[in-house]
Amino acid sequence: MHAVRVTAFGAEDVLEYAELPDPEPAAGQVRVRLHAAGVNPADTYVRTGHYAFFTPELPYTPGFDGAGVVDAVGAGVVSVSPGDRVFVSSLGTPGFSGAYAELAVTAAADVRPLPGSLTFRQGAAIGVPCATAWRALFQKAALQPGETVLIHGASGGVGLPATQLARDAGATVIGTAGSPAGAELVRAAGAHHVLDHTSAGYLDELADLAPDVIVEMLADVNLGHDLEVVARYGRIVVVGSRGSLDFTPRLTMRKEATIHGTALWNATAAESAAALAAVAAKLGSGTLAPVVGDELPLREAAEAHRRVLAPGTRGKLVLVM
Ligand SMILES: NC(=O)c1ccc[n+]([C@@H]2O[C@H](COP(=O)([O-])OP(=O)(O)OC[C@H]3O[C@@H](n4cnc5c(N)ncnc54)[C@H](OP(=O)(O)O)[C@@H]3O)[C@@H](O)[C@H]2O)c1
């Protein structure tokens, strides 16, 4: 089979398209013939060897998320059968062989039915992004119906499902994007108000609409401003941050605001299972419909890693096999 292989940490060009032996499913594992894999920003951090949460053993195949058809099952697996359409969400599962590949093996618990209404490309956009959106909104911020939520960076892999889920939960949703195309997707995902985070003073538009909850994709840029606009007793969930900032702690006092950090890697097994079960239910009901943006062939993983960090996001970037 073909897969992307990393034999040394470094820049994008360490992602090599290679021929590898087909992985065999052990007991309790499933082998999936993947049609698409999700490209998450975290994949790029891991590739450098300086990811905050873990460093994989070399060589490795990147990717946590994918979708395809069950190809073979190991002893004891009864939850899925060969021929089933599935999505794979394998965050940190021991024994997972990596999603940037034509075939992947993982624990049966990481493989779930893909609703017939969704394409494989959409299935590859579920795992990390949708679980993160659920965790931020409900497990961290405890968003309630009738509250107002600002999704700061709503046009991306996490932001669009967060917008769909928050709208479904009965919140007033404000989403930001940095391009007209991204803004259009955020509106289509259900945001009541869309702001352009590249235009000066854009948060001034929130004067009459203080968010109870802010889901923040770029905290090093926005956290200070978030504390200015958040409602009293508001909750800010830091999902993404790529640097540091000069910060005035007194801002948290003025609003008695709470800042939650979140990272999927810290979720307990019960929290992960709950998030995935909730996401699966919302996919089944049609509430959650992953939005796929750019698609690149598997062999162009290096270009995908460059593109996933570039501005102008229009949904989820996927690799197709
Ligand atoms: N904590 C966790 O467990 C976890 C899980 C998943 C992802 N993350 C992190 O969360 C972030 C978003 O992930 P993703 O998968 O959604 O990435 P993505 O698909 O690349 O989207 C990035 C988003 O950030 C937006 N953005 C750019 N500049 C911004 C600004 N100044 N203010 C607000 N938003 C801005 C982009 O908007 P435009 O391109 O339209 O400007 C886009 O909506 C990344 O840093 C990622 O590493 C964390």
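Structure values in brief
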{"read-out": "The chain - percent relative contact order, Cα under 8 Å, separation 6 or more", "value": "19 percent"}
{"read-out": "Separation of the N266 and A26 label points, Cα + 7 Å toward Cβ, nm", "value": "3.0 nm"}
{"read-out": "Three-way shape call for the range 42-142 based on the alpha-carbon gyration tensor, with the a/c threshold at 1.5", "value": "oblate"}
{"read-out": "Q144/R250 FRET efficiency (R0 25 Å; Cβ-Cβ; nearest 0.05)", "value": "0.40"}
{"read-out": "Residue exposure sequence - H260, H152 - by fewest surrounding Cβ within 10 Å", "value": "H260, H152"}
{"read-out": "Nonlocal amide H pairs with H260, under 5 Å, H built at 1.01 Å", "value": "I236, V237, V238"}
{"read-out": "Order of S272, S81, S155 under a 10 Å beta carbon neighbour criterion, fewest first", "value": "S81, S272, S155"}
{"read-out": "Sites A210 and E303 - FRET efficiency at Förster radius 56 Å, r taken between beta-carbons, to 0.05", "value": "0.85"}
{"read-out": "The range 2-80: relative contact order in percent, alpha carbon pairs under 8 Å with at least 6 residues between", "value": "41 percent"}
{"read-out": "Neighbour cut-off at most 14 other Cβ (10 Å), DSSP loop, GluC sites (Glu not before Pro), the range 243-317", "value": "E256"}
{"read-out": "Length added when fully stretched, A52-V320, from 0.36 nm per residue minus Cα-Cα", "value": "93.7 nm"}
{"read-out": "Helix-only mean residue ellipticity at 222 nm for the chain, each DSSP H run of n ≥ 4 adding -39500 (n - 2.57), per residue, nearest 500", "value": "-7000 deg cm²/dmol"}
{"read-out": "Relative contact order computed over the range 53-93 (Cα-Cα under 8 Å; 6+ residues apart), in percent", "value": "43 percent"}
{"read-out": "Spacing of the two label points (7 Å from each Cα toward its C-beta) at R242 and D220, in nm", "value": "0.9 nm"}
{"read-out": "Mean Cβ count within 10 Å, highest first, over the residues of peptides 238-246, 158-166", "value": "158-166, 238-246"}
{"read-out": "The range 129-265 shape via C-alpha gyration tensor axes, a/c threshold 1.5", "value": "rounded"}
{"read-out": "Residue exposure sequence - M217, M321, M253, M1 - by fewest surrounding Cβ within 10 Å", "value": "M253, M1, M321, M217"}
{"read-out": "Helix axis angle, 159-168 relative to the chain longest principal axis, alpha carbon, degrees", "value": "70 degrees"}
{"read-out": "Efficiency of FRET between A11 and T258 - r from beta-carbon atoms, R0 35 angstrom, step 0.05", "value": "0.40"}
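No value in this document is a laboratory result; all are computed from the given coordinates. Nothing here was measured: the structure is a model prediction, and the numbers come from that model. In this analysis, Cβ positions are derived from the backbone assuming ideal geometry, glycine residues included, and neighbour counts consider all displayed protein chains.
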